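Here's the structure we're looking at; comments come further down.
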Amino acid sequence: MATLNFKLAPQKNKAGRYIIRLHIVAGSSNTAVNTNISVEKKSDWLEKQQKVRLNPKANEILSEMMRHYQDILLALEQSGKLKGMKAKEIAEYAKTHKAGDNNIDLLLSLYSYWDNIQNSRFAPNTREAYKYSLKTLKEYNESIGKRGDFAFDDITYSWLEGYIHWLRNKYSNTNTVNTKIKHLKKVVNHCYEDGKIDARCRVLFQNKVLSKQYAVRREDNTEMTTLTRDNIVSLLHKDYDSPYINMARDMWLFSFFMVGMNATDLFDLKKENMVHTPNGWRCIYQRDKTGKTVNIPLCDIAIEIIKRYYTEEDEYIFTFHKHYQTYLGWYRTIEDNVKRIAKDLGMCNSEKVTWYCARDSWATICANELDISAIIIDRALSHSTKSLAENHYIAKDKNDVDDACTMMLSYIKSASGYHNAQNGEILKGYSWRENVKRDVCPYKPYSRNKLNSNPLF
């Protein structure tokens, strides 16, 4: 792969200024292309930042030139022409060609293809997420004047950079930005595998040099945005005025005690996933994300939460399907209220706290406070391990995971201020407020006697 870099000309021109040049290196050959940008003093050029000091217009011109050459390199690499080309040949090619000139198949509509695959290849909950990502993409294109159809040929480095920048401004949560980009990448890969487009778009996402420039990395706020033991105990005693905040609290806690169960798996949890064994109740389900089977013991706190929402006539453990048209609508309600809970708990960066924090919290407490090995934590979280021995030669013992769950429950219950569930002092707000109308709060106020007579438990 050829490399690109802006540098100052070693000598001043006739006007007494230093011209900025684009240097192209391909193998052992190199060349320099003059830009229309120059500086009076060497100190005006910031080499590391590849920017002119205090000159946004000049920097915009340089950025656009760099994007053009990067798109050209990607197109040449995809077509197989880049191999063996000299730096000077690349420069000449870039002057007379556009990146998409040889990719007429890419004129296929991205919008239409996206609609087709999201309706035919994804599970209902996943489909909703992709639908929302497509809506976001269309919104961005309209903001930059692309109000008609959008083809795969329109996906360039320049466009992708702009899209990510727009997403970052729109969403404060880095993981949300990552998800949108992952969805776009997935659609591009599907289209390539279907033989509908050539590899240029796919190469854009795979190129290591470019990926470093556009990658949106998950923020490392683990210490600040994970729940502590005190947070967990506090939530077990919390009773909020809003039934929706109480719902978010319950589901967040349930996810935590179920080893960080994903929201989509919780939403789709059915009675058939609850299995009674000689050693107690277990929850056995397949993760929507990976298809792996998860087998987790149900602790008394998790059962207590289930009892609040469970009805005999519903096939689902939680009755959210009756009250929300889509998974995404329910999830947004949860996410909004999780942030309110985080703020109430005094967690740092509460606006960035998400559902996933429950999963991160379980793993963090296990590792840092219970001294549970990383292998057991990965197994509990259903992570894929890179270890060949772990994957193929070591028999996986679920007892290790059960022990970790038991240790976690004991650790929470041993905290100062914890009260046993039997005396009714934890999980307050057991009944939804009587004065909340059914059309406002979709959950019935249950009595304790009603709940204790539940046939499932």
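So the check is Cβ under 6 Å with 6+ separation or different chains; which pairs have a first residue in the stretch 62-85 that's over 11 Å from Leu204 (Cα atoms) and aromatic (Phe, Trp, Tyr) and a second one that's assigned to a helix (DSSP H, G or I) and at pLDDT 80 or above?
Matching pairs, first to second residue: Tyr69/Ala94.
Which of the residues that make up the stretch 141-171 are surrounded by 19 or more Cβ atoms within 10 Å (Cβ to Cβ), free of Cβ contacts under 8 Å to residues at least 60 places away in the same chain and among the hydroxyl-bearing types (Ser, Thr, Tyr)?
Answer for the stretch 141-171, where residues must be surrounded by 19 or more Cβ atoms within 10 Å (Cβ to Cβ), free of Cβ contacts under 8 Å to residues at least 60 places away in the same chain and among the hydroxyl-bearing types (Ser, Thr, Tyr): just Tyr163.
State whether the residues of the stretch 195-218 include one that is among the polar types (S, T, N, Q) and modelled with pLDDT of 70 or more.
Checked against the condition, which is being among the polar types (S, T, N, Q) and modelled with pLDDT of 70 or more, the stretch 195-218 yields no hits at all.
Restricting the stretch 119-131 to residues that are touching a His at 6+ places or on another chain (Cβ under 9 Å) and surrounded by 14 or more Cβ atoms within 10 Å (Cβ to Cβ), which is modelled with the highest pLDDT?
So, considering only residues that are touching a His at 6+ places or on another chain (Cβ under 9 Å) and surrounded by 14 or more Cβ atoms within 10 Å (Cβ to Cβ), the one modelled with the highest pLDDT is Tyr130.
Can you name every residue in the stretch 250-267 that is assigned to a helix (DSSP H, G or I), over 14 Å from Ile301 (Cα atoms) and touching a helix residue (DSSP H, G or I) at 6+ places or on another chain (Cβ under 6 Å)?
Ala263, Thr264, Phe267, listed by residue number.
Could you list all residues from the stretch 23-48 that are loosely packed, with under 11 Cβ neighbours inside 10 Å and under 36 Å from the mean Cα position of the chain (by Cα)?
Of everything in the stretch 23-48, just one residue is loosely packed, with under 11 Cβ neighbours inside 10 Å and under 36 Å from the mean Cα position of the chain (by Cα), namely Lys48.
Determine whether the stretch 288-309 contains at least one residue that is out of contact with any His (no Cβ under 7 Å at 6 or more places or on another chain), surrounded by fewer than 17 Cβ atoms within 10 Å (Cβ to Cβ), within 23 Å of Thr225 (Cβ to Cβ) and not small (Gly, Ala, Ser).
Scanning the stretch 288-309, I find at least one residue that is out of contact with any His (no Cβ under 7 Å at 6 or more places or on another chain), surrounded by fewer than 17 Cβ atoms within 10 Å (Cβ to Cβ), within 23 Å of Thr225 (Cβ to Cβ) and not small (Gly, Ala, Ser), so the answer is yes.
If you check Asn295, Asn349, Asn279, which single one turns out to be touching a Cys at 6+ places or on another chain (Cβ under 9 Å) and over 19 Å from Asn246 (Cβ atoms)?
Every option except Asn295 fails the conditions.
Looking only at the stretch 112-170, count how many residues are in a loop (DSSP other than H, G, I, E, B) and either out of contact with any helix residue (DSSP H, G or I) (no Cβ under 7 Å at 6 or more places or on another chain) or not acidic (Asp, Glu) (or both).
So the answer is 11.
Among residues belonging to the stretch 335-360 that are within 19 Å of His237 (Cα to Cα) and under 17 Å from the mean Cα position of the chain (by Cα), point out the one that is surrounded by the fewest Cβ atoms within 10 Å (Cβ to Cβ).
Lys339
Can you list the strands (runs of 3 or more DSSP E) found entirely within the stretch 1-69 that contain at least 2 residues being at pLDDT below 90 and over 17 Å from Glu92 (Cα atoms)?
29-39
Specify the residue that is surrounded by the fewest Cβ atoms within 10 Å (Cβ to Cβ); the eligible residues are those in the stretch 268-287 that are free of Cβ contacts under 8 Å to residues at least 40 places away in the same chain and assigned to a loop (DSSP other than H, G, I, E, B).
Going through the qualifying residues, I end up with Pro278.
The values are calculated or read from the model by the stated rules, or taken from the named source; none is laboratory data. Everything quoted here is computed from the prediction, not taken from an experiment. Methodologically, a virtual Cβ is constructed for each residue, glycine included, from the backbone with ideal geometry; neighbour enumeration extends over all protein chains shown.
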